[in-house]
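**Student:** Handing you a structure now.
Bear in mind these aren't lab numbers, they're just calculated from the coordinates by the rules spelled out. Here the structure is a predicted model, which is why all the values come from computation and not from measurement. So basically every Cβ, Gly included, is an ideal-geometry build from the backbone, and we count neighbours across all protein chains shown.
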């Protein structure tokens, strides 16, 4: 029993978030009433609701800042990231001199609680970390970074050990990077393609049986990545020399000679299995990608297959994005063939005529540097096909496109991009059976090739298999929901399916969605024009026709007959709609 009048003191482990307003005195001096009003509104509308939604407790305001306690370090970091994102959006319309920016520091440690207030090194370190943060940024201690690893889709930039005021020992500090593109890439003598090592997964369950599952997971991911020939993947036997060791990813990257390290853990509890996985840039220690999977055990091998598929599907685009950013820092004249292809892939993904022209030049440069570079040939075939989507003249371009496709297949008949280009060429030439075969081969070679699944929907839709076409397109969108090009091709396939089935309203909606993804793409625009006219929406159809003719002044029913792959009765309806909309005959 506590003596009367004695304050209640307790100790506990907590995550502490310290935040303050950057340049508060300057803001007050310039506009005291306006600053206080905006700060009050921000607290009511953004700050307090965010903290409450992440189960934080505001201990007290500290001058122009806050001190907040969380029982979960994951909640603390997630709350901080969302706060900074919301503040950035709030500031977007404010003039620079009036913006209210916070800087935030987070530490996890032992605290003393007395009468609702908190004290101790945990609080002091969080406050010092906040002082290290730049406006709109977050700094965390190494302990925080370790505890959230694999649980949040955030990158962390190691800024080294820092001497903090009134803290005896240096503290290792990490800057939270919500935009991964700001993470600097290493400069190393490494393979001329993305290089990766899949390290043994940690078994956190204490169940020796799960050791086999964890090892099997690593084996399957390594094998799946090895099938993607544009990756340099360290063999399993070398990676497994790190089993049962505390691994420093920077050291592992240096020792294995790779740019990226993939690591994870397995934990079993009852009938549930939790797997965390993360891709780390070895030299900097920054997280490129992280994910957690929670599954019922059920058929454990089915769970393993599912997670392997999802992990590989996620890693591939993240590696391309990281490699593209790295190559962007070099002048074009110094690019090697691999870097030209990486930039070309990025240009292709933009879906614009100008970017397609840039991709063509990059592919031709890659071939000039390395003539036997198969993917450069297959991508060149693809961009030549895309060029004719805008300019027409397919027949004249067929010989060069065919030559590039055959060159790519001759160098590597497992090149999914070469099969994709061949399939689209067959489609454009109205050889639908051959198009379907080539595009099915594309997704057999790489089941995670989202663009291949979306493209497969096109000949299926035109060949009368509308439901299968829609299924392929929807699967492509599930594989790569944020990819502009995949979204545009998938929406086009669905629009084709609806048009051939006579569902013009659904066709128009999908065509509009595809145009949002790629406004300059001609097929989406002629499809929208015809569908609107078939619906009797003549004003909208006339507007769509005007856009269509702006994109391609030569567009006519005669031009369509040469360049549009519709045939038979659907082609007659397509022409009917275009004619109603006022598209000229010649």
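**Student:** Please give the contour-minus-distance gain from residue 274 to residue 295: 0.36 nm per residue of separation, less the Cα-Cα distance, rounded to one decimal in nm.
**Tutor:** 6.9 nm
**Student:** Sort 489, 24 so that the residue with the fewest other Cβ atoms within 10 Å of its own Cβ comes first and the one with the most comes last. Mind dumping the intermediate values first?
**Tutor:** Details: 489 31, 24 15.
Ranked by crowding around the Cβ, least crowded first: 24, 489.
**Student:** Taking the Cα centre of each part, how many Å lie between the stretch 497-563 and the stretch 123-162?
**Tutor:** After rounding, the separation between the Cα centres reads 51 Å.
**Student:** Still on this structure, I have one more. With label points built 7 Å along Cα→Cβ from the Cα atoms of residue 413 and residue 93, find their separation and express it in nm.
**Tutor:** In this crude spin-label approximation the distance works out to 6.1 nm.
**Student:** Taking R0 as 51 Å, what FRET efficiency do you get between residue 13 and residue 433 from their Cβ-Cβ distance, rounded to the nearest 0.05?
**Tutor:** Details: r = 66 Å, r/R0 = 1.29.
Once rounded, the FRET efficiency stands at 0.20.
**Student:** Expected output is a single nm value to one decimal: the length gained when fully extending between residue 24 and residue 550, i.e. 0.36 nm times separation in residues minus the C-alpha distance. What is it? Could you put the intermediate results ahead of the total?
**Tutor:** On the way: separation 526, 0.36 × 526 = 189.36 nm, distance 5.17 nm.
Length difference between fully extended and current span is 184.2 nm.
**Student:** What is the helix-to-structure angle for 432-445, meaning the angle in degrees between its Cα long axis and the longest Cα principal axis of the chain, kept from 0 to 90 and rounded to the nearest 10?
**Tutor:** Between the helix axis and the principal axis of the chain, the angle is about 30 degrees.
**Student:** Show that you can apply the helix-only estimate: for the chain, add -39,500 (n - 2.57) for every DSSP H stretch of four or more residues, divide by all residues, and state [θ] at 222 nm to the nearest 500.
**Tutor:** -17500 deg cm²/dmol
**Student:** Same structure, new question: Return a whole-number percent for the relative contact order of the chain, with Cα pairs under 8 Å and 6 or more residues apart as the contact set. Please list the in-between numbers first.
**Tutor:** Details: 1073 pairs, mean separation 43.0, N = 586.
The value is 7 percent.
**Student:** Using 11 Å as the cut-off for backbone N distance, which residues of the stretch 258-292 belong to the label zone defined by a point 7 Å from the Cα of residue 85 along Cα→Cβ?
**Tutor:** None, by backbone N distance to the label point.
**Student:** Ok, one more. Which length gain, in nm to one decimal place, applies between residue 562 and residue 55 when the Cα-Cα distance is subtracted from 0.36 nm times their residue separation? Write down the numbers at each step before the final one.
**Tutor:** Values: separation 507, 0.36 × 507 = 182.52 nm, distance 6.26 nm.
Difference between extended and current length: 176.3 nm.
**Student:** Determine the distance separating the Cα centre of the stretch 414-492 from the Cα centre of the stretch 38-78; give it in Å without decimals.
**Tutor:** 47 Å
**Student:** Quick one: 382, 338, 390, fewest Cβ neighbours within 10 Å first, how do they rank? Don't skip to the answer; put the middle values down first.
**Tutor:** Details: 382 28, 338 21, 390 16.
With the sparsest Cβ surroundings first, the list reads 390, 338, 382.
**Student:** Based only on other Cβ atoms within 10 Å, what is the fewest-to-most ordering of 353, 395?
**Tutor:** Numbers: 353 17, 395 12.
Arranged by neighbour count, lowest to highest, 353, 395 become 395, 353.
**Student:** Further question on the same structure: For Kirkwood radius over Cα pairs in Å, the choices are (i) 28.6; (ii) 26.5; (iii) 27.2; which was calculated from the structure?
**Tutor:** Only one option fits the structure, namely (iii).
**Student:** Let me ask something else about it. Hey, what angle do you get for helix 209-226 against the long axis of the chain, alpha-carbon based, 0 to 90 degrees rounded to 10?
**Tutor:** 40 degrees
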